Amino acid sequence: MLDSSEELALSTQCKLLAVTRSVVYARQKHLLNVVDKHECLLLQLLDEEYTRHPFYGSRRMTAYLCKLGHRVNRKRVQRLMRTLGLVGMAPGPNTSKAHPQHKIYPYLLRGLDIIRPNQVWSTDITYIRMPRGFVYLVVIIDWYSRKILSWRLSNTMEAGFCVDCLEDAIRTYGTPEIFNSDQGSQFTSDAFTGVLCSATITLSGRIASLKIILLKDRCLI
């Protein structure tokens, strides 16, 4: 007699049920593929709806997916939106949180006449849908000419690929007077700001409502 709390080895379970372990592994792989495909579908739907309605938050996105027949709750939608880096653009509290240990930089472009190249550069991160998942794209542009100065791809949101992109832009085009970004942790990290400070570039923190959507129409790489 087995205790209900006793855990059986997979080989023993298979022997008792008269099935091979290969059948169990194949079933597990199939279930994982089904989950992955549904997750990617939800991410794709969120991405497309956000492009149409960038002011939608997690409540409206949840209602949208449920209307399409997907049984999701708001907590799951919030997790998926965080994966994509999506934030509703409607003004409100806590729509863009900086890293708690990173310095917050003031927004310096309000009322500034941008009249020449290398006066202001700007950057942000977006994502590109792949057949199975996403990759992240960081782009640096010249604010005056809208020229793409440098870009990098990564499968993680770590700061390294952003630093590499910045260093490449500086090597190729020199230095701007002001570098503008949001308060994302990649751009306020010591590694990223250290490159800017060593080149005596003034940092500007972009207001929360100005997101990568400003760059999407121009990032035809």
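What are the residues whose amide H is under 5 Å from the amide H of K147, where those residues sit 5 or more places off or on another chain and H is modelled from the backbone?
D142
Using θ = phi - 60° and the Karplus relation 6.51 cos²θ - 1.76 cosθ + 1.60, list the HN-Hα couplings for the range 186-193 in order, rounded to whole Hz, with x at every Gly or Pro.
These are the phi-based 3J(HN,Hα) values: 5, 8, 9, 5, 4, 5, 6, 5 Hz.
I'd like the Karplus ³J(HN,Hα) series for the range 103-117: coefficients 6.51, -1.76, 1.60, θ = phi - 60°, whole numbers in Hz, and an x wherever there's a Gly or Pro.
5, 9, 9, x, 7, 9, 8, 5, x, 7, 7, 9, 10, 7, x
What's the FRET efficiency of D190 with M130 using the Cβ-Cβ distance as r and R₀ = 22 Å, to the nearest 0.05? Mind dumping the intermediate values first?
Working: r = 31 Å, r/R0 = 1.40.
Once rounded, the FRET efficiency stands at 0.10.
How much net charge surrounds L112 when only the other residues with a Cβ under 15 Å from the Cβ of L112 are counted, with Lys and Arg +1 and Asp and Glu -1? Don't skip to the answer; put the middle values down first.
Working: positive: R110, R116, R206; negative: D113, D142, E177.
Net local charge, L112 excluded: 0.
Mind checking the full-extension length gain between S145 and R71? Use 0.36 nm per residue of separation minus the Cα-Cα distance, one decimal, nm. Write out the running numbers ahead of the final one.
On the way: separation 74, 0.36 × 74 = 26.64 nm, distance 4.55 nm.
So the extension gain works out to 22.1 nm.
R116 to A63: FRET efficiency via 1/(1 + (r/R0)^6), r the Cβ-Cβ distance, R0 35 Å, to the nearest 0.05? Each step should come with its number before you reach the end.
Values: r = 46 Å, r/R0 = 1.33.
Result of the calculation: an efficiency of 0.15.
By the scheme Lys and Arg +1, Asp and Glu -1, what is the net charge of all other residues having a beta-carbon under 12 Å from that of S198? Show your work: numbers first, answer last.
On the way: positive: none; negative: E167, D190.
Cβ neighbours under 12 Å give a net charge of -2.
Coordinate-derived values only; no laboratory data. All figures in this text were calculated on a predicted structure; none of them were measured in a lab. All Cβ positions, glycine included, derive from the backbone under ideal geometry; neighbour counts span all protein chains shown.
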